[in-house]
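To start, I am sharing the structure in question, which I have written as structure tokens.
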């Protein structure tokens, strides 16, 4: 009996071995579950398959990048801080300036296979602030041109040859609006943050701040063009005043002809449209041929654990997430463009996917003109973003003129900049 009991105990110990081996737990935080929940689950499941000694635990996601940042700032230095988080590219500066998170530069310096694994310097630059490697870019996006080909045809437009300048877009929007039956010609996703406003500024060759960051630059010629275009969208293009959710719902319901929004929402848009109409996409219009650029939205994965032994495991997970496999999940699952050079070139990952899914090509084609999403300096970056959104709201509602909007926006921004 004693030998039998000892044998059972030994057998149970052997059976428990694999479970006991899962000693490294990585806690992961991410934003916008509507975009990323399924993507994160797939990547984590695949990673654990090849790393049975690692357990991935997701903490409650945040609704937006800014909410995620505020959560991390509150948790900094406490036991609640996750091991890694996916942080909006325009908020990496805040973490760097506050010295929150692990500088990946020394870790990357020891890795001799980065280039061969698709981590180019341009891609790494998306997660860099000055001399600090704050994170590794995971999801990158730029604004693209969505349109309802059925409405375009009805209004006399050519879905195969959409306008490449804003004058043409505005004229077509007015024609679509004239179709009646609750249809509107266009929506431009100006709300929530300054990203789509900066797209108008950047595409005209402008910048948000001067190179030395001592003065506001969005109130110059490019910014003036931007606010005047937004006013024309409303007055001439008949763009309705809608909340962000209402914009999305109107487009997917077939009631909006053209929609200018992130490529990161492509998959959810495809799902929302279904077979209600022929959905098409193309590149962002009105780009200055010489100096035009587009801001890169999206996020980077940032390391917070201070445990040296754990950092090695966490970094391996970070590379997996941002490597070709991780990108082959996030691109089809969302619409973001890959932040790994191998992902789009290899048939094993995304090359054949792009060939079969032309709706995803608009974002990919814009890679050469994508630049970092500008982050305002100092502690008031989030407040400045809200200042811009609030002032644009007054413009869209036709309560203020373009000139008044730009002047007020610039003046209020200056007050919030570091002195």
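The values are calculated or read from the model by the stated rules, or taken from the named source; none is laboratory data. Being a predicted model, the structure only gives us computed values, none of them experimental. Glycine also receives a Cβ, built like all others from the backbone with ideal geometry; neighbour counts cover every protein chain displayed.
Can you tell me which of (1) in a helix (DSSP H, G or I); (2) at pLDDT below 95 is the one residue 249 doesn't meet?
It fails just one condition, (2).
Based on what the data block shows, is residue 144 assigned to a helix (DSSP H, G or I) and either in contact with a strand residue (DSSP E or B) (Cβ under 8 Å, 6 or more places away or on another chain) or touching a residue at least 40 places away in the same chain (Cβ under 8 Å) (or both)? So that I can check it myself, show each step before the final result.
Values: assigned to a helix (DSSP H, G or I): no; either in contact with a strand residue (DSSP E or B) (Cβ under 8 Å, 6 or more places away or on another chain) or touching a residue at least 40 places away in the same chain (Cβ under 8 Å) (or both): yes.
It is false that residue 144 is assigned to a helix (DSSP H, G or I) and either in contact with a strand residue (DSSP E or B) (Cβ under 8 Å, 6 or more places away or on another chain) or touching a residue at least 40 places away in the same chain (Cβ under 8 Å) (or both).
Considering only region 74-81, I want to know if a residue exists there that is in contact (Cβ under 8 Å) with a residue 12 or more places away in the chain and surrounded by 15 or more Cβ atoms within 10 Å (Cβ to Cβ).
yes
Yes or no, residue by residue, for (1) at pLDDT below 95; (2) over 21 Å from the mean Cα position of the chain (by Cα); (3) surrounded by fewer than 24 Cβ atoms within 10 Å (Cβ to Cβ); (4) under 28 Å from residue 410 (Cβ atoms):
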| position | (1), (2), (3), (4) |
| --- | --- |
| 197 | no, no, no, yes |
| 203 | no, no, no, yes |
| 207 | no, no, yes, yes |
| 245 | yes, no, yes, no |
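Another question about this same structure. Which one is surrounded by the fewest Cβ atoms within 10 Å (Cβ to Cβ) among residues in region 348-392 that are out of contact with any helix residue (DSSP H, G or I) (no Cβ under 9 Å at 6 or more places or on another chain) and farther than 30 Å from residue 406 by Cα?
356
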